[in-house]
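What follows is a single structure, written as structure tokens, with notes after it.
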């Protein structure tokens with residue numbers, strides 16, 4: 001019997017994170033695909049590898065016995081691939097969404113540095129990016145840092161993106177060139193993509209607390225096209241980043257939020273022991289282009305202010 005390394009890799013990912021959803025985020029595939037791979041591996045081996053409980057996915061006795069050998073198989077495979085790729089492999093950069101402003105920094109670096117091979121990977125934010133950096137499946141990641149990071153993960157401030165209010169052309173604020181954030185007090189902004197526990201949902205909770213803006217996270221989240229279409233139909237308002245490339249809609253208007261301007265903070269994260277030949281240059285490129293937080297004109301959540309106000313320097 002020949003084992004499928006894809007199924008073995010899925011097994012190791014689930015075993016290490018005790019979660020099919022976390023494994024899916026790490027591997028960049030759907031949770032259903034992970035389940036299918038585990039089912040195939042169990043069928044091929046003729047044993048049950050996991051049991052499910054409230055605490056997550058636990059290993060059976062057979063799964064526990066198989067785990068060290070599975071890790072060895074995946075490790076040998078990864079080593080073989082690295083030998084073939086050599087030191088010229090592309091720099092793998094994790095971003096939450098290719099519509100967000102972080103992708104501009106990746107493009108600018110690619111244009112500025114000759115022969116800078118870059119591969120963009122999308123994820124579900126800080127939680128999966130941290131694990132991907134630890135496991136070496138990505139070299140750098142853009143995210144808002146929240147909570148305590150793993151000991152060997154470093155980060156530098158990358159960008160502060162001002163928020164725009166997205167409304168329909170029939171909205172009472174649609175004719176304004178800009179809107180004061182205080183004017184939004186008592187109103188509700190629709191953000192169905194604010195996943196519970198995410199660092200961006202936490203950002204909007206801070207914004208809500210400081211300015212009295214309600215955040216409606218009701219869904220489902222059907223993607224950007226649906227989001228813009230719903231706002232264009234009237235009755236709802238949403239927040240988007242200044243440089244975010246949301247789908248165009250004839251009945252929507254974007255209005256800068258000012259007085260102060262809420263800015264979303266993104267950091268560049270990387271692993272202390274990652275020695276990719278392009279990583280140091282990429283970190284320096286991001287640091288050199290960063291513009292610090294201006295408390296006279298901008299607003300940040302209190303936990304972000306000290307880091308983003310000081311001139312950044314690689315740790």
In segment 262-297, anything in contact with a strand residue (DSSP E or B) (Cβ under 8 Å, 6 or more places away or on another chain) and more than 26 Å from residue 107 (Cα to Cα) is listed as 297
Of the residues in segment 205-229 that are buried (at least 18 other Cβ atoms within 10 Å of the Cβ) and within 21 Å of residue 247 (Cβ to Cβ), the one that is nearest to the chain's Cα centre (by Cα) is 227
Going through segment 177-198 in order, the residues found to be outside any strand (DSSP E or B) and in contact with a strand residue (DSSP E or B) (Cβ under 6 Å, 6 or more places away or on another chain) are 178, 181, 191
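Scanning segment 117-135 for residues that are part of a loop (DSSP other than H, G, I, E, B) and touching a strand residue (DSSP E or B) at 6+ places or on another chain (Cβ under 7 Å), which turns out surrounded by the fewest Cβ atoms within 10 Å (Cβ to Cβ)? Even if it seems obvious, please write down each step before you answer.
In the first step, residues of segment 117-135 are kept if they are part of a loop (DSSP other than H, G, I, E, B); the result is 117, 123-125.
This time we only want the ones that are touching a strand residue (DSSP E or B) at 6+ places or on another chain (Cβ under 7 Å), so: 117, 123, 125.
Details: 117: 12, 123: 23, 125: 23.
The qualifying residue surrounded by the fewest Cβ atoms within 10 Å (Cβ to Cβ) is 117.
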Residue check for residue 269: under 14 Å from residue 163 (Cα atoms) and either at pLDDT 95 or above or outside the structural domain of residue 113 (by TED's automatic domain parsing) (or both): no
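Please pick out the residue among 149, 160 that is part of a loop (DSSP other than H, G, I, E, B), more than 15 Å from residue 228 (Cα to Cα) and in contact with a helix residue (DSSP H, G or I) (Cβ under 8 Å, 6 or more places away or on another chain). I'd like the intermediate steps shown before the answer.
Values: 160 fails: part of a loop (DSSP other than H, G, I, E, B).
On inspection, the qualifying residue turns out to be 149.
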All-but-one check, residue 52 against (1) modelled with pLDDT of 90 or more; (2) farther than 21 Å from residue 198 by Cβ; (3) not assigned by TED's automatic domain parsing to the domain that holds residue 242, failing number (1)
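The values are calculated or read from the model by the stated rules, or taken from the named source; none is laboratory data. Not measured: the values here are computed from a predicted model. With ideal geometry, Cβ positions are generated from the backbone for all residues, glycine too; neighbour counts draw on all protein chains shown.
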